[in-house]
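Q: First the structure, then my questions, so here it is.
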Amino acid sequence: MSRLIDGKVISAAVKERVGGEVAALKAKGIMVGLAVIIVGDDPASKIYVANKKKACEALGIISEEYALPEDTTESELLDLIGRLNNEKRINGILCQLPLPPHLDEKLIINSISPEKDVDAFHPVNVGRIMIGDYDFVPCTPAGIMEMLKYENISPEGKSCVVIGRSNIVGKPMGMLLLHKNGTVTICHSKTKNLKEICLGADILVAAVGRAKFVTADMVKEGAVVIDVGMNRVDGKLYGDVDFDAVKEKASAITPVPGGVGPMTIAMLMQNTLTAAKKQNGIA
Ligand code: GUN
């Protein structure tokens, strides 16, 4: 039976720290502001954006929501981002993905000023992560690193296996583990011998997007298992890990819900604070 890595507890600790720093800045007359842009009516995106707004309010971060209609043109969206890039009161800009198909996601992300790119999706910030000189880290991998730190789990010298190679999770996750001296393998849909590779993992991160993909026979006794999955099946939320079976083998494991999910928003708050500090010449 493994130890539960509780994202609710750890995210609360991060938010408390961020909220304290936001209050200290406010006392010096510096307000922290985040602009969140959402285009269209995707129900999941609307929930994510509402949660981000709620978290901002709880921590004293000013949030401005720009809810744009589905038929917003590329130039309208670029105009808005251009204005927000130049607004002093806005420290961070987040454009909720996915965008409707007529909008070029790459072009939109590239138009956000790297100094305000709290998602860390801009190529400048991606490149900075690669060379290990970064201010912003994508929120999900950042949240996972925070969880490992809180639990005193060091990746150093460990075999770290990441399943999934997305730009948002898998690739940056691999880099962050590498920066902490982990020996990193990134697996994907074309990986051969996935089970054998996973069985070698001391730290296993599942970011696949398929419910209960990681089964107990893929997990080494005593491994640390991090589940990034958010798969809705018949209205119920499942992770990428077969939690009930895997928890009997792992030494520590994140649940779904209540694991990585809550960390993501906490790290967005952290990135927004970092942006405000940088823009005001602090730290
Ligand atoms: N859609 C799903 N996750 C994310 C995220 O972390 N940031 C943005 N901007 N969109 C998302």
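Results for (1) assigned to a loop (DSSP other than H, G, I, E, B); (2) farther than 19 Å from LEU80 by Cβ; (3) within 16 Å of the ligand (Cβ to nearest atom), shown as yes or no for each residue.
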site	(1), (2), (3)
ASN110	no, no, yes
PHE136	yes, yes, yes
CYS160	no, yes, no
LEU177	no, yes, no
ILE186	no, yes, no
SER189	yes, yes, no
ALA201	yes, yes, no
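Q: If you take the residues in region 112-123 that are surrounded by fewer than 19 Cβ atoms within 10 Å (Cβ to Cβ) and touching a residue at least 24 places away in the same chain (Cβ under 8 Å), which one is farthest from the ligand (Cβ to nearest atom)?
A: Within region 112-123, the first condition is being surrounded by fewer than 19 Cβ atoms within 10 Å (Cβ to Cβ), and the residues that meet it are 113-115, 123.
So of that shortlist, the ones also touching a residue at least 24 places away in the same chain (Cβ under 8 Å) come out as 113, 115.
Values: SER113: 15, GLU115: 17 Å.
This residue is GLU115.
Q: If you take the residues of region 70-82 that are touching a strand residue (DSSP E or B) at 6+ places or on another chain (Cβ under 8 Å) and outside any loop (DSSP other than H, G, I, E, B), which of them is farthest from MET267 (Cα to Cα)?
A: GLU76
Q: Sticking with this structure for a sec: For region 225-283, give me each residue that is assigned to a loop (DSSP other than H, G, I, E, B) and within 16 Å of TYR150 (Cβ to Cβ).
A: SER251, THR254, PRO255, GLY258, GLY259, listed by residue number.
Q: Go through region 83-94 and report how many residues are over 13 Å from GLU64 (Cβ atoms) and not in a loop (DSSP other than H, G, I, E, B).
A: The qualifying residues number 1.
Q: Can you spot a residue in region 124-133 that is part of a loop (DSSP other than H, G, I, E, B), over 27 Å from GLY258 (Cβ atoms) and free of Cβ contacts under 8 Å to residues at least 24 places away in the same chain? Please lay out each step first, then the result.
A: So the first thing to find is which residues in region 124-133 are part of a loop (DSSP other than H, G, I, E, B), and the list is 132-133.
Retained after the next criterion (residues that are over 27 Å from GLY258 (Cβ atoms)): 132-133.
Checking which are free of Cβ contacts under 8 Å to residues at least 24 places away in the same chain leaves us with 133.
Yes, region 124-133 has at least one match.
Q: Quick one: ALA13 ticks every box in (1) within 21 Å of the chain's Cα centre (by Cα); (2) surrounded by fewer than 16 Cβ atoms within 10 Å (Cβ to Cβ); (3) in a loop (DSSP other than H, G, I, E, B) except a single one, so which number is it?
A: Against the list (1) within 21 Å of the chain's Cα centre (by Cα); (2) surrounded by fewer than 16 Cβ atoms within 10 Å (Cβ to Cβ); (3) in a loop (DSSP other than H, G, I, E, B), ALA13 comes up short only on (3).
Q: Taking the conditions exactly as written (of a type in the set (Gly, Ala, Ser), crowded, with 17+ Cβ neighbours inside 10 Å, within 16 Å of the ligand (Cβ to nearest atom) and not in a helix (DSSP H, G or I)), does ALA142 satisfy them or not?
A: On the way: of a type in the set (Gly, Ala, Ser): yes; crowded, with 17+ Cβ neighbours inside 10 Å: yes; within 16 Å of the ligand (Cβ to nearest atom): yes; not in a helix (DSSP H, G or I): no.
Spelling it out, it is not the case that ALA142 is of a type in the set (Gly, Ala, Ser), crowded, with 17+ Cβ neighbours inside 10 Å, within 16 Å of the ligand (Cβ to nearest atom) and not in a helix (DSSP H, G or I).
Q: Given the criterion without any contact (Cβ under 8 Å) to a residue 12 or more places away in the chain and either assigned to a strand (DSSP E or B) or touching a Lys or Arg at 6+ places or on another chain (Cβ under 9 Å) (or both), identify the matching residue among ALA35, ALA44, ALA58, ALA67.
A: Going through ALA35, ALA44, ALA58, ALA67 in turn, just one is without any contact (Cβ under 8 Å) to a residue 12 or more places away in the chain and either assigned to a strand (DSSP E or B) or touching a Lys or Arg at 6+ places or on another chain (Cβ under 9 Å) (or both): ALA44.
Readers should treat all values here as calculations from the given coordinates under stated rules, not as data from a laboratory. None of the values given here were measured: they were computed from a predicted structure. All Cβ positions, even for glycine, are placed from backbone atoms using ideal geometry, and neighbour counts span all protein chains on display.
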